[in-house]
1. Which condition breaks for Leu67 when tested against (1) open to solvent by less than 60 Å² (accessible area, probe 1.4 Å); (2) touching a residue at least 60 places away in the same chain (Cβ under 8 Å)?
2. If a residue has to be aliphatic (A, V, I, L, M) and over 12 Å from Leu97 (Cα atoms) to count, how many in segment 28-49 make the cut?
3. Can you pull out the residues in segment 1-27 that are open to solvent by 20 Å² or more (accessible area, probe 1.4 Å) and more than 13 Å from Met99 (Cβ to Cβ)?
4. So, in segment 92-113, of the ones that are of a type in the set (Gly, Ala, Ser) and in contact (Cβ under 8 Å) with a residue 24 or more places away in the chain, which residue ends up surrounded by the most Cβ atoms within 10 Å (Cβ to Cβ)?
5. Can you give me the number of residues within segment 44-64 that are small (Gly, Ala, Ser) and crowded, with 16+ Cβ neighbours inside 10 Å?
Amino acid sequence: MKVQLVNLAHARSGDKGDTANVGVIALKSEYYPVLVREVTASAVKDHFGEMVKGDVERFELPNLNALNFLLHASLGGGGTLSLMTDAQGKTYSTALLRMYIDVSDDEASVLGI
């Protein structure tokens with residue numbers, strides 16, 4: 001089944017220059033392995049499409065049940081240079097939470113999704 005990420009996690013985002021930073025935190029520790037498996041750097045890059053012109057890096061923070069992503073070349077040069085509506089990446093967290101991931105029916109049942 002397809003599950004929207006907002007049902008499994010919350011997120012925060014910001015920026016450093018032309019790089020958006022998005023932290024994704026599991027709502028329950030039981031959800032973290034699903035996030036690790038499904039929310040890959042490649043999947044995030046695909047989700048954002050042309051918005052992210054550079055690489056996407058992923059960092060795992062298992063002690064926080066969280067993942068952190070750096071979306072390089074995604075802010076049109078950054079806050080002081082860009083003409084983008086969100087040149088500081090504040091809405092990138094909401095955009096990522098709209099992503100759908102795959103969860104088997106059995107796993108969804110066990111996790112109560």
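The values are calculated or read from the model by the stated rules, or taken from the named source; none is laboratory data. In this text, all values refer to a predicted model and were calculated from it rather than measured experimentally. Please note: Cβ atoms are built from the backbone with ideal geometry, for glycine as well, and neighbour counts cover all protein chains shown. Note: accessible area is taken over every heavy atom of the protein model, side chains too, but ligands, DNA and RNA are not part of it. Shrake-Rupley method; radii C 1.70, N 1.55, O 1.52, S 1.80 Å.
1. Here Leu67 meets the rest and fails (2).
2. In the first step, residues of segment 28-49 are kept if they are aliphatic (A, V, I, L, M); the result is 34-36, 39, 41, 43-44.
This time we only want the ones that are over 12 Å from Leu97 (Cα atoms), so: 34, 36, 41, 43.
Total satisfying the criteria: 4.
3. Correct list: Met1, His10, Arg12, Ser13, Asp15, Lys16, Gly17, Asp18, Thr19, Asn21, Ile25, Leu27.
4. Just the residues of segment 92-113 that are of a type in the set (Gly, Ala, Ser), to begin with: 93, 95, 104, 108-109, 112.
From the residues that got through so far, the ones that are in contact (Cβ under 8 Å) with a residue 24 or more places away in the chain too are 93, 95, 104, 108.
Working: Ser93: 20, Ala95: 17, Ser104: 10, Ala108: 14.
Top of the filtered list is Ser93.
5. Within segment 44-64, the subset small (Gly, Ala, Ser) is 49, 54.
Filter once more, keeping what is crowded, with 16+ Cβ neighbours inside 10 Å: none.
Going through segment 44-64 one residue at a time, the tally reaches 0.
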